[in-house]
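The values are calculated or read from the model by the stated rules, or taken from the named source; none is laboratory data. Being a predicted model, the structure only gives us computed values, none of them experimental. As a convention, Cβ positions derive from the backbone with ideal geometry for all residues, glycine included, and neighbour counts pool all protein chains shown. Each accessible area value is taken on the protein alone, full model and side chains, heavy atoms only, with ligands, DNA and RNA left out. Shrake-Rupley method; radii C 1.70, N 1.55, O 1.52, S 1.80 Å.
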Amino acid sequence: MNDQQRFVTLAEAESMVEAAVAKVRLGLARAPRPFKVFGLGATSKYAKRVCEKLGVPITPHTEKTFDDGEVYLKSGPEHNDAEVGNVRGHNVFVIQSLYSDEEESVNDKLVKLCFMCGSLKDASAHEVTPIIPHLGYARQDRKTESRAPICTKYVARMLESVGIDRVLMFDAHNLSAEQNAFSVPIDNLEAKRLFASWCAKTLCKSPKIRVLTPDSGGLNRCTRFRNALVEELRALGAEETADEIEVVIFDKVRVKGQVYGGRIIGDVDGADVVAYDDMISTGGTMKKACRAALDGNTRLHAICATHGLFVGNANEVFDGLDTKIVVTDTVDPFRLTESNRKKLEVISTTEMVASAIMRIHSGTGSISELLR
């Protein structure tokens, strides 16, 4: 009997079966998985805009509160197990911005995000990724006094306890603290390029530009924004202006929540100043920094911040500043009065988030490309 007609041995047969199974498994692993996007509570409008960029419908879900205050969340319509709510084997993305609004506190939203992510994991979702445009509790990132809480660590543990696989956030207050708090992969998007594009179009003819950080801790953030602004200005042909941009610092000291200090470190005389930060809360520090800059014979061109919370007496603060306020849509600026809304420019982040979702879902492309 020649070699072509011989029977295979048992060992050869087992090897052939193992190779065939491995090939099938590889094909399944490489096959595109379905994905679904959910938007919780007040963030559902933001999530719908993200889905419009993706070209997919937002997935319906059930979100209700019982009479005793307990919350209930699940994929799909209530009492309906139709395919629309099925997440088995899916990559799912849950969008929830963690800030207090007129309907829910930041604590309510955090609990709902945890419960929704947990229910999706228990429903056999392949990967669960919470997308948090504004991450609450991010400023409580270290012990500033005896027995102070480290809330970045606690929030990370809460989310990881329900089985999330990674996190996508936008301009985290202290990225190093978040990277150390989470044990799952995290991606942090930045709005610097969005702000740089807006500022470049309105400052391309300015002879002198300065970027003001209201806090020395924001120096690296402002430097990255300055570099993005330089690139945008050069693209518009404003080479000389771009080459001379500097970052200046508001010299302050914070003692028990009170801000003291009042001088600008750097040359601002005759410059167009862009004040830049990751968030505006009450606006008190930002106002002091802007006033100090104005005292230095400057033109305050714009106040830029990714997250516009505008809490406390922020409206009174900005009533006294006649300048443009530029924020993103990670937080709804519902607290601003009508007069301050006229000063407001809102930049959309949804296209960047949609691009990040596709990169995470497909496993191709780089999130870093979105940060250049």
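Is segment 328-340 home to any residue that is open to solvent by 50 Å² or more (accessible area, probe 1.4 Å) and either aliphatic (A, V, I, L, M) or modelled with pLDDT under 90 (or both)? Looking for residues that are open to solvent by 50 Å² or more (accessible area, probe 1.4 Å) and either aliphatic (A, V, I, L, M) or modelled with pLDDT under 90 (or both), one finds none in segment 328-340, hence no.
Tell me, please, whether a residue that is closer than 20 Å to VAL50 by Cβ, in contact with a helix residue (DSSP H, G or I) (Cβ under 9 Å, 6 or more places away or on another chain), in contact (Cβ under 8 Å) with a residue 60 or more places away in the chain and open to solvent by 10 Å² or more (accessible area, probe 1.4 Å) can be found in segment 291-311. No; the residues of segment 291-311 include none that is closer than 20 Å to VAL50 by Cβ, in contact with a helix residue (DSSP H, G or I) (Cβ under 9 Å, 6 or more places away or on another chain), in contact (Cβ under 8 Å) with a residue 60 or more places away in the chain and open to solvent by 10 Å² or more (accessible area, probe 1.4 Å). Are any residues in segment 124-143 touching a residue at least 12 places away in the same chain (Cβ under 8 Å), more than 23 Å from ARG88 (Cα to Cα) and not aliphatic (A, V, I, L, M), and if so, which ones? Answer for segment 124-143, where residues must be touching a residue at least 12 places away in the same chain (Cβ under 8 Å), more than 23 Å from ARG88 (Cα to Cα) and not aliphatic (A, V, I, L, M): PRO133, HIS134, GLY136, TYR137, ARG139, GLN140, ASP141, ARG142. Residues in segment 81-120 that are of a type in the set (A, V, I, L, M, F, W, C) and open to solvent by less than 20 Å² (accessible area, probe 1.4 Å): VAL87, VAL92, PHE93, VAL94, ILE95, LEU98, LEU110, LEU113, CYS114, MET116, CYS117, LEU120.
In the set LYS53, LYS23, only one residue is open to solvent by 40 Å² or more (accessible area, probe 1.4 Å), in a helix (DSSP H, G or I) and modelled with pLDDT of 95 or more; that residue is LYS53. Taken over segment 201-222, the criterion of being without any contact (Cβ under 8 Å) to a residue 40 or more places away in the chain and touching a Lys or Arg at 6+ places or on another chain (Cβ under 9 Å) is satisfied by SER216 alone. Taken over segment 129-157, the residue count meeting the criterion of being buried (at least 17 other Cβ atoms within 10 Å of the Cβ) and either aliphatic (A, V, I, L, M) or assigned to a loop (DSSP other than H, G, I, E, B) (or both) is 12.
Against the test of being within 21 Å of ASN188 (Cβ to Cβ), among the basic types (Lys, Arg) and touching a residue at least 24 places away in the same chain (Cβ under 8 Å), the options LYS121, LYS153, LYS112 yield a single qualifying residue, LYS153. Restricting GLU351, GLU316 to those that are touching a helix residue (DSSP H, G or I) at 6+ places or on another chain (Cβ under 8 Å), modelled with pLDDT of 90 or more, on the phi < 0 side of the Ramachandran plot and not in a loop (DSSP other than H, G, I, E, B) reduces the list to GLU351.
Here is a yes/no grid of residues against (1) touching a Cys at 6+ places or on another chain (Cβ under 9 Å); (2) of a type in the set (A, V, I, L, M, F, W, C); (3) closer than 15 Å to SER97 by Cα:
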residue: LYS121; (1), (2), (3): no, no, no
residue: ILE132; (1), (2), (3): no, yes, yes
residue: TYR137; (1), (2), (3): yes, no, yes
residue: THR144; (1), (2), (3): no, no, no
residue: THR152; (1), (2), (3): no, no, no
residue: VAL155; (1), (2), (3): no, yes, yes
residue: GLY163; (1), (2), (3): yes, no, no
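Cβ separations smaller than 9 Å between residues 6+ apart or across chains give the following pairs from segment 347-372 residues that are farther than 17 Å from VAL50 by Cβ to residues that are open to solvent by less than 60 Å² (accessible area, probe 1.4 Å) and of a type in the set (A, V, I, L, M): LEU371/LEU189; ARG372/ALA228.
Table: residues versus (1) open to solvent by 60 Å² or more (accessible area, probe 1.4 Å); (2) at pLDDT below 90; (3) not in a helix (DSSP H, G or I).
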| position | (1), (2), (3) |
| --- | --- |
| ALA11 | yes, yes, no |
| VAL37 | no, no, yes |
| ALA42 | no, no, no |
| HIS79 | yes, yes, yes |
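Within segment 78-98, residues that are of a type in the set (Ser, Thr, Tyr) have Cβ atoms under 8 Å from residues that are in a loop (DSSP other than H, G, I, E, B) in these pairs: SER97/PRO133; SER97/HIS134; SER97/THR330; SER97/VAL331, counting only partners at least 6 apart in sequence or on another chain.
Scan segment 91-124 for residues that are assigned to a loop (DSSP other than H, G, I, E, B) and more than 23 Å from the chain's Cα centre (by Cα) and the total you get is 2. I'd like the full set of residues that are crowded, with 18+ Cβ neighbours inside 10 Å and not aliphatic (A, V, I, L, M), limited to segment 209-223. Listed by number, the residues that qualify are ARG210, THR213, PRO214, ASP215, GLY218, ARG221, CYS222. Residue-level analysis places GLY320 among those that are touching a residue at least 12 places away in the same chain (Cβ under 8 Å), out of contact with any Gly (no Cβ under 6 Å at 6 or more places or on another chain) and more than 22 Å from ILE347 (Cα to Cα). Filtered by the rule that a residue be assigned to a helix (DSSP H, G or I), within 21 Å of LEU294 (Cα to Cα) and modelled with pLDDT of 85 or more, segment 226-258 gives a lone residue, ARG226. Considered as a group, the residues in segment 261-290 that are without any contact (Cβ under 8 Å) to a residue 40 or more places away in the chain and of a type in the set (Gly, Ala, Ser) include one that is surrounded by the most Cβ atoms within 10 Å (Cβ to Cβ), and that residue is GLY283.
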